[in-house]
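So the structure is just underneath, and the comments pick up after that.
Since every read-out is calculated from the coordinates, none of them should be taken as a lab result. Computed from a prediction, not measured in an experiment: that's the story for all the values here. Reconstructed Cβ throughout: ideal geometry from the backbone, glycine too, with neighbour counts over all protein chains shown.
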Amino acid sequence: MMSNCISLDASFRIYPIRGLAGTFHLLLDAVRREAVLIDTGLFGEMPQLGRILREIRLTWPDIKAILLTHGHLDHTGNLARLKELTGASVLAHPLEQPHIDGTFPYKSPSRLCGVMEAVGRTLFRYQTVSIDQPLVPDAELPYWGGLRVIHLPGHTGGHCGFYSKRFNLLFSGDLFASYGFSTHLPPFFLNSCPEKMEASLHRVKALAPHYIIPNHYSGLDGEIHHKRFDCLMESHLRLRHRQPL
Ligand SMILES: [Zn+2]
Ligand SMILES: [Zn+2]
């Protein structure tokens, strides 16, 4: 059975890799015969990724970079193994290094997030990795026809999205989760700087990408996720409006 993917034109494709705690993405540039990863998942994804690579006749070193939206375990679980297999550079915002290392000083109410991260790291025998190339907000990365770094802090301080101008598409990380039954912001205890969330939401609203692809979703359909994001923003703003000053 062929792997599920989205073809944006003859040469650019997105392959979702679904695991225990969400989905990460392999972006294929078929003309250059290379790929990049956005995030690396947690558990159960590696055989799927290996199968996809065989299907598209790429090898591990054809993955040229590993872009991280942020350093939570469900995005970095396979990072050490993938870096070893591919030799690719790891790109993340410098504020994410303590999250990647599992040393971020979570304060209440996000202490629970710290406990979950610590337990997960022990359970999955997590190995940390150093960032090779610190992401700079608004920088254009030379992958997949060009990806712009969109700094979207709130969930974490260095949380970033990646925007393809070519396809008017934003990979939005954990800015929100998009499911048919519920589209929501990350639960409050998972956000280490919630005071920055509002501006990040408005930033995406202003960017107005045609397609949005988060990491936690049902169905790989960037138009539907964009519609759900708009609905989420509407109800979010309505609630804000109602709140007494
Ligand atoms: Zn997260
Ligand atoms: Zn996540």
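Taking square-rooted eigenvalues a ≥ b ≥ c of the alpha carbon gyration tensor, is segment 6-240 rounded, prolate or oblate, where a/c under 1.5 means rounded and, failing that, a/b exceeding b/c means prolate?
Since a/c reaches 1.5 but b/c is at least a/b, the shape of segment 6-240 is classed as oblate.
Excluding Leu95 itself, what net charge comes from residues whose Cβ is under 13 Å from its Cβ, given Lys and Arg +1 and Asp and Glu -1? Mind showing how you got there, number by number?
On the way: positive: Lys196; negative: Glu96, Asp101.
Within the 13 Å Cβ shell, the charges total -1.
Return the calculated 222 nm mean residue ellipticity for the chain, to the nearest 500 deg cm²/dmol, obtained by summing -39500 (n - 2.57) across DSSP H runs with n ≥ 4 and dividing by the residue count.
It comes out at -8500 deg cm²/dmol, rounded to the nearest 500.
Describe numerically, in nm with one decimal, the distance between label points set 7 Å from Cα along Cα→Cβ at Arg81 and at Gln127.
Label-label distance for Arg81 and Gln127, simple model: 1.1 nm.
DSSP loop trypsin sites (Lys or Arg not before Pro) in segment 69-142 with at most 16 other Cβ atoms within 10 Å of their Cβ, which ones?
Here the sparse-neighbourhood loop sites are Lys107, Arg125.
Among the lysines, which fall within straight-line cross-link reach of Lys205, defined as a Cα-Cα distance under 26 Å, with same-chain neighbours fewer than 8 residues apart omitted?
Lys165, Lys196, Lys227
Can you list the residues of segment 190-208 with backbone N under 19 Å from a point 7 Å past the Cα of His241, pointing along Cα to Cβ?
198-199, 201-203, 205-206
Is the C-alpha gyration tensor of segment 122-230 telling us rounded, prolate or oblate? Criteria: a/c under 1.5 is rounded; beyond that, a/b larger than b/c is prolate, otherwise oblate.
Verdict is rounded for segment 122-230.
In percent, how large is the relative contact order of the chain, given Cα pairs closer than 8 Å and 6 or more residues apart?
Relative CO of the chain lands at 14 percent.
Once you place label points 7 Å from the Cα toward the Cβ at His210 and Asn168, how far apart are they in nm?
0.5
Placing unit charges on C-beta atoms (Lys and Arg positive, Asp and Glu negative, everything else neutral), compute the dipole magnitude of segment 99-139 about its Cα centre in debye, rounded to 20.
Dipole size: approximately 300 debye.
Between Ser7 and Glu234, what is the label-point separation in nm under the 7 Å Cα-to-beta-carbon projection?
Using points 7 Å along Cα→Cβ, the separation is 3.4 nm.
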